[in-house]
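Asks: Below is one structure. I have some questions about it.
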Amino acid sequence: MDRRTLIAGAAMASVWAAVARAQSADGEVQSSTLPPAGSGPPPGSAPRPDYDAPPRGPAAPEAPPAPEVRPSYPANTPAQAYERSEIVNSASDFLGVSAESAAAAVERIFKDNGRPTAYIAGEEGSAAFFGGVRYGRGLLYMKGRDPLQVYWQGPTVGFDWGGNASRSFTLCYDLQYPDMIFRRFPGVEGSAYLIAGLGVNYQRADGITLAPIRTGLGLRLGANIGYLAYSRKRHLIPL
């Protein structure tokens, strides 16, 4: 073998040795930079998106807050009026009097005011000697509406003596909505207006007329002047 062949062989061996060293070093670098199989992403790196997951739909809208519930009354709708027979039967049953006595009082009130749009059935107590107080409570009835608890109180001033504890059946005229009852109603009351043993008087305010029919124990004489204030709650001071 000549000298040139030996030199070429030695050069080829050196080249192959260098290639082998380079491949070995590249394998070490790759093995040191790649994470082991099954391990998660390195700390601080962004999560890898899951392309196999089904697409998410739009988020469900939040439900609006529940509206505040308040009484709602139809606009420009007049309240339904009661017939005479309905009032006579209700007054007779509640006051504990005969239908004839109730009919006599109701007939006079209907003649003066017509058909009522509401009535209040309740109890009250009062006492006076040249001045006194009256307290009561009852339920306000209107057609097509739930009964409403009502309280009333007021002073009475005048030449009046005695006391009573009675039931009261009040006819209400031009009362279109239940809340319209909550106000002060002045009036003149006494025993001068007696029909079949029942006391009747009128109270008026802001175009609304109330006609209480009373019966009970005690004696009220004279013509006392005062008012009744109707409210949602009981008040101890009748002002």
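The values are calculated or read from the model by the stated rules, or taken from the named source; none is laboratory data. Treat the numbers as computed from the prediction; the structure is a model and nothing was measured. Please note: Cβ atoms are built from the backbone with ideal geometry, for glycine as well, and neighbour counts cover all protein chains shown.
Asks: Only residues in segment 77-92 that are in contact (Cβ under 8 Å) with a residue 24 or more places away in the chain and more than 19 Å from Ser168 (Cα to Cα) count as the first member; pair them with residues that are part of a loop (DSSP other than H, G, I, E, B) and among the aliphatic types (A, V, I, L, M), Cβ under 9 angstrom, at least 6 apart or cross-chain, and list the lot.
Replies: Close Cβ pairs (under 9 Å, with a partner that is part of a loop (DSSP other than H, G, I, E, B) and among the aliphatic types (A, V, I, L, M)) amount to Ala79/Met142; Ala79/Leu175; Gln80/Met142.
Asks: Report yes if Phe169 is among the aromatic types (Phe, Trp, Tyr), modelled with pLDDT under 80 and either crowded, with 22+ Cβ neighbours inside 10 Å or at positive phi (or both), otherwise no.
Replies: So Phe169 fails the test.
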